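To start, the structure itself, in C-alpha coordinates.
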Amino acid sequence: MKLGELAHKLGGQCRGDPDLEVTGLGTLEDANADEITFLASSTPRENLACCVAAAVILCEADLEAWSGPAIVCDNPHLGYARAARVLDNTPAPAPGVHPSAVVAESACIGPGVSIGANCVIEADVSIGRSVVIGPGCVVGENAQLGEGTRLFANVTVSRGVLIGQRCFIKSGAVLGSDGFGNTHEEGRWVRIPQLGGLTVGDDVQIGAATTIDRGAIGNTTIASGVVIDNLVQIGHNVQVGEGTAIVSCVGIAGSVVIGKRCVLAGAVGVADHVTICDDVHLTGMAMVTGSINKPGMYSSGTGLLPTGEWRKAAVRFRQLDELAKRVRALEKDTSK
(Lines give C-alpha, C1' and ligand atoms only; values in the text may rest on other atoms or scores of the structure.)
Protein backbone atom coordinates (compact mmCIF):
# COMPACT_ATOMS: atom_id res chain seq x y z
CA MET A 1 0.00 0.00 0.00
CA LYS A 2 1.22 3.50 -0.78
CA LEU A 3 2.19 5.65 2.18
CA GLY A 4 -0.15 8.47 1.18
CA GLU A 5 -3.13 6.11 0.95
CA LEU A 6 -2.27 4.59 4.33
CA ALA A 7 -1.99 8.05 5.91
CA HIS A 8 -5.46 8.87 4.60
CA LYS A 9 -6.93 5.69 6.09
CA LEU A 10 -5.25 6.46 9.43
CA GLY A 11 -6.48 10.04 9.49
CA GLY A 12 -2.87 11.30 9.66
CA GLN A 13 -0.60 13.51 7.58
CA CYS A 14 1.87 12.02 5.12
CA ARG A 15 5.39 13.44 5.35
CA GLY A 16 7.67 12.28 2.57
CA ASP A 17 7.02 10.37 -0.65
CA PRO A 18 3.29 9.49 -0.80
CA ASP A 19 4.02 6.81 -3.42
CA LEU A 20 6.34 4.88 -1.11
CA GLU A 21 5.17 1.27 -0.91
CA VAL A 22 4.57 -0.19 2.57
CA THR A 23 4.04 -3.95 2.81
CA GLY A 24 3.57 -4.56 6.50
CA LEU A 25 4.14 -3.58 10.13
CA GLY A 26 7.20 -4.11 12.29
CA THR A 27 8.58 -3.10 15.66
CA LEU A 28 10.74 -0.03 15.99
CA GLU A 29 13.79 -2.26 16.44
CA ASP A 30 13.06 -4.93 13.84
CA ALA A 31 11.00 -3.34 11.04
CA ASN A 32 12.36 -3.96 7.54
CA ALA A 33 12.98 -1.31 4.91
CA ASP A 34 9.53 -1.96 3.37
CA GLU A 35 7.58 -1.92 6.65
CA ILE A 36 6.08 0.82 8.78
CA THR A 37 6.47 1.12 12.55
CA PHE A 38 5.40 3.56 15.27
CA LEU A 39 6.93 5.52 18.12
CA ALA A 40 4.89 5.09 21.30
CA SER A 41 4.71 7.88 23.85
CA SER A 42 6.63 5.69 26.32
CA THR A 43 9.49 4.97 23.88
CA PRO A 44 12.52 7.29 23.91
CA ARG A 45 12.85 9.11 20.61
CA GLU A 46 16.58 8.22 20.62
CA ASN A 47 15.48 4.71 19.54
CA LEU A 48 14.69 6.16 16.12
CA ALA A 49 18.42 6.44 15.39
CA CYS A 50 18.70 2.69 14.79
CA CYS A 51 15.39 2.30 12.95
CA VAL A 52 15.53 1.25 9.27
CA ALA A 53 11.77 1.13 8.63
CA ALA A 54 10.30 2.60 5.46
CA ALA A 55 8.26 5.03 7.56
CA VAL A 56 7.28 5.76 11.16
CA ILE A 57 3.94 6.70 12.70
CA LEU A 58 4.66 9.43 15.24
CA CYS A 59 3.39 12.68 16.68
CA GLU A 60 4.36 16.16 15.49
CA ALA A 61 6.66 16.74 18.47
CA ASP A 62 8.82 13.72 17.59
CA LEU A 63 9.09 14.47 13.89
CA GLU A 64 12.33 16.40 14.36
CA ALA A 65 14.04 13.21 15.58
CA TRP A 66 13.24 11.28 12.36
CA SER A 67 14.49 12.28 8.92
CA GLY A 68 12.64 9.63 6.90
CA PRO A 69 9.06 9.35 5.64
CA ALA A 70 6.39 9.48 8.30
CA ILE A 71 2.70 9.56 9.11
CA VAL A 72 2.01 12.22 11.72
CA CYS A 73 -0.83 11.43 14.13
CA ASP A 74 -2.03 13.02 17.34
CA ASN A 75 -2.11 9.53 18.88
CA PRO A 76 0.58 7.27 17.32
CA HIS A 77 -0.64 4.20 19.20
CA LEU A 78 -4.12 4.66 17.77
CA GLY A 79 -2.49 5.21 14.37
CA TYR A 80 -0.67 1.91 14.78
CA ALA A 81 -3.94 0.17 15.70
CA ARG A 82 -5.61 1.50 12.56
CA ALA A 83 -2.60 0.53 10.44
CA ALA A 84 -2.76 -2.99 11.84
CA ARG A 85 -6.39 -3.24 10.75
CA VAL A 86 -5.58 -1.96 7.27
CA LEU A 87 -2.56 -4.24 6.83
CA ASP A 88 -4.07 -7.27 8.58
CA ASN A 89 -3.11 -10.39 6.65
CA THR A 90 -5.04 -12.92 8.74
CA PRO A 91 -6.41 -15.47 6.26
CA ALA A 92 -10.15 -15.22 5.63
CA PRO A 93 -11.79 -18.57 4.86
CA ALA A 94 -13.70 -18.79 1.61
CA PRO A 95 -17.50 -18.79 1.84
CA GLY A 96 -19.14 -22.18 1.90
CA VAL A 97 -19.93 -25.11 4.16
CA HIS A 98 -17.26 -27.76 4.77
CA PRO A 99 -18.45 -31.28 3.83
CA SER A 100 -17.86 -32.53 7.39
CA ALA A 101 -20.08 -29.85 8.97
CA VAL A 102 -23.53 -30.84 10.23
CA VAL A 103 -26.10 -28.14 9.49
CA ALA A 104 -29.77 -28.54 10.40
CA GLU A 105 -32.21 -28.10 7.52
CA SER A 106 -34.09 -25.41 9.46
CA ALA A 107 -30.98 -23.27 9.97
CA CYS A 108 -31.02 -19.95 8.09
CA ILE A 109 -27.62 -19.25 6.54
CA GLY A 110 -26.96 -15.81 5.07
CA PRO A 111 -24.87 -15.06 1.96
CA GLY A 112 -21.10 -15.21 2.14
CA VAL A 113 -21.03 -17.38 5.28
CA SER A 114 -18.10 -19.74 5.91
CA ILE A 115 -18.68 -22.82 8.08
CA GLY A 116 -15.56 -24.85 8.85
CA ALA A 117 -14.80 -28.52 9.31
CA ASN A 118 -16.66 -30.54 11.95
CA CYS A 119 -19.02 -27.71 12.94
CA VAL A 120 -22.50 -28.43 14.26
CA ILE A 121 -25.27 -25.93 13.47
CA GLU A 122 -28.48 -26.96 15.22
CA ALA A 123 -32.14 -26.36 14.40
CA ASP A 124 -33.50 -22.87 13.73
CA VAL A 125 -30.14 -21.14 14.01
CA SER A 126 -29.89 -17.79 12.20
CA ILE A 127 -26.49 -16.82 10.75
CA GLY A 128 -26.08 -13.39 9.20
CA ARG A 129 -24.22 -12.26 6.11
CA SER A 130 -20.44 -12.87 5.94
CA VAL A 131 -20.20 -14.71 9.28
CA VAL A 132 -17.13 -16.93 9.66
CA ILE A 133 -17.43 -20.03 11.85
CA GLY A 134 -14.14 -21.80 12.45
CA PRO A 135 -13.61 -25.57 12.65
CA GLY A 136 -15.15 -27.50 15.52
CA CYS A 137 -17.68 -24.83 16.55
CA VAL A 138 -21.11 -25.69 17.92
CA VAL A 139 -24.02 -23.28 17.52
CA GLY A 140 -27.03 -24.38 19.55
CA GLU A 141 -30.70 -24.39 18.69
CA ASN A 142 -32.32 -20.98 18.06
CA ALA A 143 -29.05 -19.09 18.44
CA GLN A 144 -28.39 -16.02 16.28
CA LEU A 145 -25.10 -14.68 14.88
CA GLY A 146 -25.12 -11.16 13.45
CA GLU A 147 -23.56 -10.00 10.20
CA GLY A 148 -19.76 -10.04 10.03
CA THR A 149 -19.23 -11.92 13.30
CA ARG A 150 -16.33 -14.35 13.46
CA LEU A 151 -16.02 -17.47 15.62
CA PHE A 152 -12.58 -19.02 15.77
CA ALA A 153 -12.03 -22.75 16.30
CA ASN A 154 -13.98 -24.70 18.90
CA VAL A 155 -16.29 -21.95 20.11
CA THR A 156 -19.54 -23.12 21.71
CA VAL A 157 -22.63 -20.94 21.37
CA SER A 158 -25.41 -22.49 23.43
CA ARG A 159 -29.11 -22.62 22.67
CA GLY A 160 -30.91 -19.33 22.23
CA VAL A 161 -27.82 -17.10 22.54
CA LEU A 162 -28.07 -13.84 20.60
CA ILE A 163 -24.81 -12.38 19.24
CA GLY A 164 -24.70 -9.06 17.41
CA GLN A 165 -22.80 -7.83 14.40
CA ARG A 166 -19.01 -7.77 13.88
CA CYS A 167 -18.23 -9.68 17.05
CA PHE A 168 -14.84 -11.38 17.39
CA ILE A 169 -14.90 -14.56 19.47
CA LYS A 170 -11.67 -16.45 20.01
CA SER A 171 -11.02 -20.16 20.25
CA GLY A 172 -12.50 -22.18 23.09
CA ALA A 173 -14.95 -19.55 24.31
CA VAL A 174 -18.21 -20.91 25.73
CA LEU A 175 -21.20 -18.57 25.49
CA GLY A 176 -24.47 -19.32 27.25
CA SER A 177 -23.37 -22.24 29.40
CA ASP A 178 -25.49 -23.00 32.47
CA GLY A 179 -24.70 -20.71 35.37
CA PHE A 180 -23.56 -22.00 38.75
CA GLY A 181 -27.10 -22.36 40.08
CA ASN A 182 -27.43 -24.54 43.14
CA THR A 183 -29.24 -24.56 46.46
CA HIS A 184 -28.58 -26.56 49.59
CA GLU A 185 -30.86 -29.21 51.06
CA GLU A 186 -29.97 -31.48 53.98
CA GLY A 187 -26.25 -31.55 53.29
CA ARG A 188 -26.39 -31.90 49.54
CA TRP A 189 -26.42 -29.55 46.58
CA VAL A 190 -29.51 -29.32 44.39
CA ARG A 191 -28.98 -28.06 40.84
CA ILE A 192 -31.19 -25.22 39.61
CA PRO A 193 -31.83 -25.35 35.84
CA GLN A 194 -30.80 -22.12 34.13
CA LEU A 195 -33.77 -20.90 32.11
CA GLY A 196 -32.57 -17.48 30.92
CA GLY A 197 -30.48 -16.50 27.94
CA LEU A 198 -27.44 -14.50 26.88
CA THR A 199 -27.45 -11.41 24.68
CA VAL A 200 -24.20 -10.02 23.22
CA GLY A 201 -24.24 -6.63 21.47
CA ASP A 202 -22.39 -5.42 18.38
CA ASP A 203 -18.59 -5.07 18.06
CA VAL A 204 -17.87 -7.21 21.12
CA GLN A 205 -14.56 -9.03 21.53
CA ILE A 206 -14.47 -12.22 23.61
CA GLY A 207 -11.17 -13.92 24.40
CA ALA A 208 -10.02 -17.52 24.23
CA ALA A 209 -11.35 -19.94 26.86
CA THR A 210 -13.65 -17.28 28.32
CA THR A 211 -17.02 -18.44 29.64
CA ILE A 212 -20.18 -16.36 29.90
CA ASP A 213 -23.13 -18.01 31.63
CA ARG A 214 -26.73 -17.72 30.57
CA GLY A 215 -29.21 -16.17 32.99
CA ALA A 216 -30.95 -18.15 35.70
CA ILE A 217 -34.32 -16.67 34.69
CA GLY A 218 -33.67 -13.38 32.84
CA ASN A 219 -30.78 -12.77 30.48
CA THR A 220 -27.08 -12.17 30.95
CA THR A 221 -26.27 -9.09 28.84
CA ILE A 222 -22.99 -7.92 27.31
CA ALA A 223 -23.51 -4.49 25.73
CA SER A 224 -22.02 -3.26 22.46
CA GLY A 225 -18.34 -2.36 22.32
CA VAL A 226 -17.31 -4.47 25.31
CA VAL A 227 -13.86 -6.13 25.10
CA ILE A 228 -13.18 -9.26 27.13
CA ASP A 229 -9.78 -10.92 27.39
CA ASN A 230 -8.87 -14.62 27.66
CA LEU A 231 -9.78 -16.80 30.65
CA VAL A 232 -12.57 -14.63 32.04
CA GLN A 233 -15.58 -16.04 33.92
CA ILE A 234 -18.84 -14.07 33.85
CA GLY A 235 -21.69 -15.51 35.93
CA HIS A 236 -25.42 -15.71 35.33
CA ASN A 237 -27.51 -12.55 34.99
CA VAL A 238 -24.48 -10.24 34.87
CA GLN A 239 -25.02 -6.96 33.01
CA VAL A 240 -21.94 -5.32 31.43
CA GLY A 241 -22.27 -1.77 30.08
CA GLU A 242 -21.05 -0.36 26.76
CA GLY A 243 -17.34 0.12 26.19
CA THR A 244 -16.19 -1.75 29.30
CA ALA A 245 -12.90 -3.70 29.19
CA ILE A 246 -12.39 -6.90 31.19
CA VAL A 247 -8.84 -8.26 31.35
CA SER A 248 -7.68 -11.87 31.76
CA CYS A 249 -8.49 -14.04 34.79
CA VAL A 250 -11.30 -11.78 36.02
CA GLY A 251 -14.08 -13.58 37.86
CA ILE A 252 -17.53 -11.98 38.06
CA ALA A 253 -20.17 -13.65 40.22
CA GLY A 254 -23.86 -13.77 39.43
CA SER A 255 -26.23 -10.80 39.15
CA VAL A 256 -23.48 -8.17 39.03
CA VAL A 257 -24.22 -4.92 37.20
CA ILE A 258 -21.19 -3.16 35.64
CA GLY A 259 -21.55 0.29 34.12
CA LYS A 260 -20.24 1.84 30.93
CA ARG A 261 -16.55 2.49 30.15
CA CYS A 262 -15.26 0.56 33.14
CA VAL A 263 -11.92 -1.29 33.26
CA LEU A 264 -11.46 -4.49 35.26
CA ALA A 265 -7.74 -5.26 35.23
CA GLY A 266 -6.21 -8.74 35.53
CA ALA A 267 -7.49 -11.13 38.20
CA VAL A 268 -10.12 -8.76 39.61
CA GLY A 269 -12.86 -10.54 41.55
CA VAL A 270 -16.41 -9.22 41.92
CA ALA A 271 -18.82 -10.68 44.48
CA ASP A 272 -22.43 -11.45 43.59
CA HIS A 273 -25.19 -8.82 43.43
CA VAL A 274 -22.68 -5.92 43.36
CA THR A 275 -23.36 -2.80 41.28
CA ILE A 276 -20.46 -0.83 39.76
CA CYS A 277 -21.25 2.59 38.29
CA ASP A 278 -19.92 4.02 35.02
CA ASP A 279 -16.24 4.98 34.58
CA VAL A 280 -14.75 2.84 37.33
CA HIS A 281 -11.18 1.47 36.95
CA LEU A 282 -10.34 -1.55 39.12
CA THR A 283 -6.62 -2.27 39.32
CA GLY A 284 -5.15 -5.77 39.18
CA MET A 285 -6.32 -8.31 41.78
CA ALA A 286 -8.84 -5.92 43.32
CA MET A 287 -11.60 -7.72 45.23
CA VAL A 288 -14.98 -5.99 45.03
CA THR A 289 -17.28 -7.04 47.86
CA GLY A 290 -19.65 -4.06 47.85
CA SER A 291 -21.23 -1.71 45.32
CA ILE A 292 -19.26 1.24 43.90
CA ASN A 293 -21.34 4.36 43.34
CA LYS A 294 -18.66 6.92 42.46
CA PRO A 295 -16.44 6.93 39.33
CA GLY A 296 -12.69 6.61 39.83
CA MET A 297 -9.84 4.17 40.36
CA TYR A 298 -10.07 1.51 43.07
CA SER A 299 -7.54 -1.00 44.40
CA SER A 300 -7.27 -3.68 47.06
CA GLY A 301 -4.96 -6.52 47.99
CA THR A 302 -1.33 -6.04 48.92
CA GLY A 303 1.61 -5.07 46.78
CA LEU A 304 4.57 -7.37 46.34
CA LEU A 305 7.10 -7.48 49.22
CA PRO A 306 10.11 -9.64 50.02
CA THR A 307 8.79 -12.78 51.73
CA GLY A 308 10.19 -11.92 55.16
CA GLU A 309 8.60 -8.46 55.13
CA TRP A 310 5.30 -9.85 53.86
CA ARG A 311 5.14 -12.40 56.69
CA LYS A 312 5.68 -9.68 59.28
CA ALA A 313 3.00 -7.53 57.63
CA ALA A 314 0.58 -10.48 57.60
CA VAL A 315 1.07 -11.00 61.34
CA ARG A 316 0.44 -7.32 61.98
CA PHE A 317 -2.66 -7.40 59.84
CA ARG A 318 -4.12 -10.12 62.08
CA GLN A 319 -3.35 -7.94 65.10
CA LEU A 320 -5.21 -4.88 63.78
CA ASP A 321 -8.56 -5.79 65.33
CA GLU A 322 -7.04 -6.24 68.79
CA LEU A 323 -5.10 -2.99 68.37
CA ALA A 324 -8.32 -1.16 67.43
CA LYS A 325 -10.03 -2.50 70.56
CA ARG A 326 -7.15 -1.25 72.72
CA VAL A 327 -7.30 2.19 71.10
CA ARG A 328 -11.05 2.44 71.71
CA ALA A 329 -10.60 1.39 75.32
CA LEU A 330 -7.83 3.98 75.78
CA GLU A 331 -9.98 6.69 74.22
CA LYS A 332 -12.84 5.74 76.53
CA ASP A 333 -10.58 5.92 79.61
CA THR A 334 -9.11 9.29 78.66
CA SER A 335 -12.55 10.77 78.06
CA LYS A 336 -13.64 10.11 81.63
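The values are calculated or read from the model by the stated rules, or taken from the named source; none is laboratory data. Everything numeric here is computed off the predicted structure, so don't read it as measured data. Note that each Cβ is placed from the backbone with ideal geometry, even for glycine, and that neighbours are counted across all protein chains shown.
Would you pick out the residues in segment 204-218 that are surrounded by fewer than 19 Cβ atoms within 10 Å (Cβ to Cβ) and touching a Gly at 6+ places or on another chain (Cβ under 8 Å)?
Filtering segment 204-218 down to residues surrounded by fewer than 19 Cβ atoms within 10 Å (Cβ to Cβ) leaves 205, 208-209, 211, 217-218.
Once the filter is applied, which keeps residues that are surrounded by fewer than 19 Cβ atoms within 10 Å (Cβ to Cβ) and touching a Gly at 6+ places or on another chain (Cβ under 8 Å), segment 204-218 yields Ala208, Ala209, Ile217, Gly218.
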Restricting attention to segment 82-135, report how many residues are surrounded by fewer than 18 Cβ atoms within 10 Å (Cβ to Cβ), among the small types (Gly, Ala, Ser), assigned to a loop (DSSP other than H, G, I, E, B) and at positive phi.
1
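Quick grid of which residues meet (1) free of Cβ contacts under 8 Å to residues at least 24 places away in the same chain; (2) within 19 Å of Pro295 (Cα to Cα); (3) not in a strand (DSSP E or B):
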site	(1), (2), (3)
Ala208	no, no, yes
Ile212	no, no, no
Ser224	no, no, yes
Leu231	no, no, yes
Glu242	no, yes, yes
Ser248	no, no, yes
Ser255	yes, no, yes
Arg261	yes, yes, yes
Looking at segment 52-74 only, could you name the residues that are without any contact (Cβ under 8 Å) to a residue 40 or more places away in the chain, assigned to a loop (DSSP other than H, G, I, E, B) and closer than 13 Å to Thr37 by Cα?
Val52, Ala53, Cys59, Trp66
For segment 220-239, enumerate the residues that are more than 11 Å from the chain's Cα centre (by Cα) and at positive phi.
Asn237
How many residues are within 11 Å of Gln13 (Cβ to Cβ) and touching a strand residue (DSSP E or B) at 6+ places or on another chain (Cβ under 9 Å) when one looks only at segment 60-83?
7
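Return a yes/no flag: does segment 252-275 have any residue that is in contact with an Asp or Glu (Cβ under 6 Å, 6 or more places away or on another chain), of a type in the set (Val, Ile, Thr), modelled with pLDDT of 95 or more and buried (at least 18 other Cβ atoms within 10 Å of the Cβ).
Of all residues in segment 252-275, those in contact with an Asp or Glu (Cβ under 6 Å, 6 or more places away or on another chain) come to 253-255, 259-261.
With the extra rule that they be of a type in the set (Val, Ile, Thr), the set shrinks to none.
Scanning segment 252-275, I find no residue that is in contact with an Asp or Glu (Cβ under 6 Å, 6 or more places away or on another chain), of a type in the set (Val, Ile, Thr), modelled with pLDDT of 95 or more and buried (at least 18 other Cβ atoms within 10 Å of the Cβ), so the answer is no.
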Could you please find all residues in segment 14-46 being in contact (Cβ under 8 Å) with a residue 60 or more places away in the chain and of a type outside the set (Val, Ile, Thr)?
Gly24, Leu25
For segment 163-180, name all the residues that are buried (at least 20 other Cβ atoms within 10 Å of the Cβ) and either out of contact with any Asp or Glu (no Cβ under 8 Å at 6 or more places or on another chain) or at pLDDT below 95 (or both).
Ile163, Ile169, Lys170, Ala173, Leu175, Gly179
